[in-house]
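Take a look at the structure below.
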Amino acid sequence: MKEWNELLVYIDEYVYIQEDEEIVIRYSARADKAIRVYDKGLKLAGEGEYGKWLYDIALDCVRRMSREDLEYVKKHLYSNEYHFGYAMGIRNKYIHPSKKHSYFSADNVSSSIMTRIFSLVSPFYDFRNARCVRFFESNEVNHLMELYGESHADIINEFISEITSEIILSDNGNDTEQFKKRLREELGQEEFVRLFKEAYLYYNEKEKQNERDDWYWNTNFPEVKAILFPLEAKQIIALRQLNYFRYIESGTAKTIADCRKFIDENLGLRDDYADFMARCGWEACSPYFNGTWGNMKLYVLDLDYVLRMKLRQQNIETIGELCKRSPEDLLEIQSITTEDAMKIHDVLTKWLEERNIIKK
């Protein structure tokens, strides 16, 4: 919180004495100013000696942090994340050995210390504000912070300012849902297209061989990547189960209109959603859209098996490799006749024209 951020300027002056269980001010040229800032912050710590104890521990924890750790904590204001790691260290170092302060639950005390640490390092976080604490403890909020904390810092900071200043955002007060709505409106459906393309590429490169289709598309994709777009995620997953991805990536869908037709025939969606799902599938999966059509095998062409085998014997196994050969080049192959060369050329030309592909 802003009222405590000045403490960071003098953080090296605050030394925690383990035996006394409290902070002392290190003697230096900055000591007087450090004392005034400390006393000012102490007035906000609350709860008498107990509040001072938590305040002092939080100061010592921040003082001991490296710059990298400090930056990490600023971006992860979620106390449950630290429960079995850093917070356990706090319990072992400060809470369990205490002889001056009684406590009912060490877990609760360490959580209270974490909220004070967050208040020290962040201008937005305020441990006294229950609404603020509840907002940051949301797992969804933390996922969104990781995804968009840097790229959309302005809108996030604006929303958090409203939370911490107790401005009412909606009648039901559901800050997490309002936060998601605000980000979704800012990002638009283009963000879902980007996320889906990224997820599809990652799946093919990293997950497909692990046979974890259901885990990846039903759990990892909507909950981690498409958290702002639950409806679109459900629609694309349902289409995957209907072999929509395969229909497009195999080249069977020649145009985006074919994608829309597939959706209309297999999954009745409202027109605007159907158009959007057609676009998502086409841009992510289509070899004609992403330029990978040249890697497709020759079996997609309407060529008889004998001709395909003659081409394979010359290491011509993909459409891209075949496109590099003119009819004259094919005639140099001993087993290819003039009739064969012209048939191959005609079939390939027709296939390219139907898909609006220009042969290079």
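The values are calculated or read from the model by the stated rules, or taken from the named source; none is laboratory data. Remember, it's a predicted structure, so these values are computed and weren't measured experimentally. No Cβ is skipped: glycine too gets one built from the backbone with ideal geometry, and neighbour counts run over all protein chains shown.
Could you tell me which of the residues S98, S79, S105, S28 is among the hydroxyl-bearing types (S, T, Y), at pLDDT below 95 and within 30 Å of L147 (Cα to Cα)?
Result: S79 is the single residue among S98, S79, S105, S28 that is among the hydroxyl-bearing types (S, T, Y), at pLDDT below 95 and within 30 Å of L147 (Cα to Cα).
Filter the range 256-275 for residues that are surrounded by 14 or more Cβ atoms within 10 Å (Cβ to Cβ) and either in contact with a helix residue (DSSP H, G or I) (Cβ under 7 Å, 6 or more places away or on another chain) or among the hydroxyl-bearing types (S, T, Y) (or both) and give the result.
The answer is I256, C259, R260, F262, I263, L267, L269, Y273, A274, D275.
All but one of (1) assigned to a helix (DSSP H, G or I); (2) in the same structural domain as Y14 (by TED's automatic domain parsing); (3) modelled with pLDDT under 90 hold for E146, so report the exception by its number.
(2)
Out of the range 203-215, which residues are surrounded by 12 or more Cβ atoms within 10 Å (Cβ to Cβ) and part of a helix (DSSP H, G or I)?
Listed by number, the residues that qualify are Y203, N204, E207, K208, D213, W215.
For the condition among the polar types (S, T, N, Q) and in contact with a Lys or Arg (Cβ under 7 Å, 6 or more places away or on another chain), what is the one hit in S102, S122?
Being among the polar types (S, T, N, Q) and in contact with a Lys or Arg (Cβ under 7 Å, 6 or more places away or on another chain) holds for just one of S102, S122, which is S122.
Going by what's in this entry, would V347 be described as within 21 Å of I248 (Cβ to Cβ), of a type outside the set (G, A, S), surrounded by 12 or more Cβ atoms within 10 Å (Cβ to Cβ) and not assigned by TED's automatic domain parsing to the domain that holds A257?
Against the criterion (within 21 Å of I248 (Cβ to Cβ), of a type outside the set (G, A, S), surrounded by 12 or more Cβ atoms within 10 Å (Cβ to Cβ) and not assigned by TED's automatic domain parsing to the domain that holds A257), V347 does not qualify.
Can I117 be described as closer than 25 Å to E6 by Cα, in contact with an Asp or Glu (Cβ under 9 Å, 6 or more places away or on another chain) and not assigned by TED's automatic domain parsing to the domain that holds E223?
no
When only residues in the range 138-152 that are of a type in the set (G, A, S) and surrounded by 11 or more Cβ atoms within 10 Å (Cβ to Cβ) count, which is farthest from T115 (Cα to Cα)? Walk me through it before giving the result.
Step one: filter the range 138-152 for residues of a type in the set (G, A, S), giving 138, 149, 151.
If we keep only those that are surrounded by 11 or more Cβ atoms within 10 Å (Cβ to Cβ) too, we end up with 138, 149.
Numbers: S138: 14, G149: 20 Å.
Within the range 138-152, the match that is farthest from T115 (Cα to Cα) is G149.
Residue-wise test of (1) surrounded by 20 or more Cβ atoms within 10 Å (Cβ to Cβ); (2) modelled with pLDDT of 95 or more; (3) more than 30 Å from T338 (Cβ to Cβ); (4) touching a helix residue (DSSP H, G or I) at 6+ places or on another chain (Cβ under 7 Å).
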{"site": "W217", "(1), (2), (3), (4)": "yes, no, yes, yes"}
{"site": "N220", "(1), (2), (3), (4)": "no, no, yes, no"}
{"site": "L239", "(1), (2), (3), (4)": "yes, yes, yes, yes"}
{"site": "S250", "(1), (2), (3), (4)": "no, no, yes, no"}
{"site": "G294", "(1), (2), (3), (4)": "no, no, no, yes"}
{"site": "L301", "(1), (2), (3), (4)": "no, no, no, yes"}
{"site": "L311", "(1), (2), (3), (4)": "yes, no, no, yes"}
{"site": "E321", "(1), (2), (3), (4)": "no, no, no, no"}
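For the range 128-139, check the following and say yes or no: at least one residue is over 27 Å from the mean Cα position of the chain (by Cα) and not in a helix (DSSP H, G or I).
So far as the range 128-139 goes, yes, one or more of its residues are over 27 Å from the mean Cα position of the chain (by Cα) and not in a helix (DSSP H, G or I).
Yes/no per residue for (1) farther than 26 Å from E177 by Cβ; (2) touching a Cys at 6+ places or on another chain (Cβ under 9 Å); (3) free of Cβ contacts under 8 Å to residues at least 40 places away in the same chain:
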| position | (1), (2), (3) |
| --- | --- |
| N80 | no, no, no |
| A87 | yes, no, yes |
| H96 | yes, no, yes |
| H101 | yes, no, no |
| F104 | yes, no, yes |
| I117 | yes, yes, no |
| A130 | no, no, yes |
| E137 | no, no, no |
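Residues in the range 232-241: is at least one without any contact (Cβ under 8 Å) to a residue 60 or more places away in the chain and not in a helix (DSSP H, G or I)?
no
Would you please name the residue that is farthest from the chain's Cα centre (by Cα), looking only at residues in the range 149-164 that are charged (D, E, K, R) and assigned to a helix (DSSP H, G or I)?
E162
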